[in-house]
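Colleague: Below is one structure. I have some questions about it.
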Amino acid sequence: MAGLSSDTPKPNKIKLHKQSRLMEIFFEGGLVFKFSYEFLRVHSPSAEVRGHSPGEEILQTGKQDINVNHIDPVGSYAIQIDFSDGHNSGLYSWDLLYKYGINQDKMWLHYLKKMDEAGASRKLSAELPAHR
């Protein structure tokens, strides 16, 4: 993750909406994406979530009511998000966030399908001890 793709717009503003649990990112050129905190958490780019190679992904359950404590800039190419469950190891580059914005609907439906197939819940109270 050395740098940015030259054709990816850069964000000029990021807003956290605590009550609705949404992060709004305003990219150059006028594109605006809204991500639920849950979406960002379950799609964390960290090895803890993605694994170290394809097929090692770990389904994230019980994240429906997750909050964002704060975000920190990482150089001029990414942010690090500190979630209320203590997770904060993923670096969300501008390229990644832009890609997430473009593919958000498809990614969310895929996640919901995986949750259904696993019989898992988005609610924390129903989380099985085997899932993190």
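Colleague: If you take the beta carbon distance between Glu57 and Phe33 as r and set R0 to 22 Å, what does 1/(1 + (r/R0)^6) give as a FRET efficiency, to the nearest 0.05?
Modeller: E(calc), rounded to 0.05, equals 0.45.
Colleague: Round to the nearest 10 and give me the degree value, 0 to 90, for the angle of helix 94-118's Cα axis relative to the longest principal axis of the chain.
Modeller: Helix 94-118 sits roughly 10 degrees off the main axis of the chain.
Colleague: Along each principal axis of its Cα atoms, how long is the chain end to end? Whole angstroms, biggest number first, please.
Modeller: The principal-axis extents, from largest down, are 41, 35, 25 Å.
Colleague: Using a Gaussian network model on the chain with a 10 Å cutoff between Cα atoms, which of His87, His52, His17 fluctuates the most?
Modeller: Per the Cα network of the chain with a 10 Å cutoff, His52 tops the list.
Colleague: Determine the gain in length on full extension of the stretch Asp85-Lys18; use 0.36 nm per residue of separation and subtract their C-alpha separation, reporting nm with one decimal.
Modeller: 22.6 nm
Colleague: Around Ser20, with a cut-off of 12 angstrom between Cβ atoms, what is the net charge of the other residues, counting Lys and Arg +1 and Asp and Glu -1?
Modeller: Charge balance in the 12 Å sphere: +2.
Colleague: Shifting gears a bit: Could you give the length gained by full extension between Met107 and Ser46, i.e. 0.36 nm per residue of separation minus their alpha carbon distance, to one decimal place?
Modeller: 20.3 nm
Colleague: Right, something else. Check cross-link reach from Lys63 to the lysines: straight Cα distance under 19 Å, and skip same-chain residues fewer than eight apart.
Modeller: Lys18, Lys34, Lys106, Lys113, Lys114, Lys123
Colleague: With a cut-off of at most 15 other beta carbons within 10 Å, and DSSP calling the residue loop, which GluC sites (Glu not before Pro) in region 25-67 qualify? Please list them.
Modeller: Glu56, Glu57
Colleague: If you place +1 on the Cβ of every Lys and Arg and -1 on the Cβ of every Asp and Glu, how big does the dipole about the Cα centre of the chain come out, in debye to the nearest 20?
Modeller: Roughly 300 debye, rounded to the nearest 20.
Bear in mind these aren't lab numbers, they're just calculated from the coordinates by the rules spelled out. As the structure is a prediction and not an experimental result, all values here were calculated from the model. FYI the Cβ positions are ideal-geometry reconstructions off the backbone, even for glycines, and counts take in every protein chain you see.
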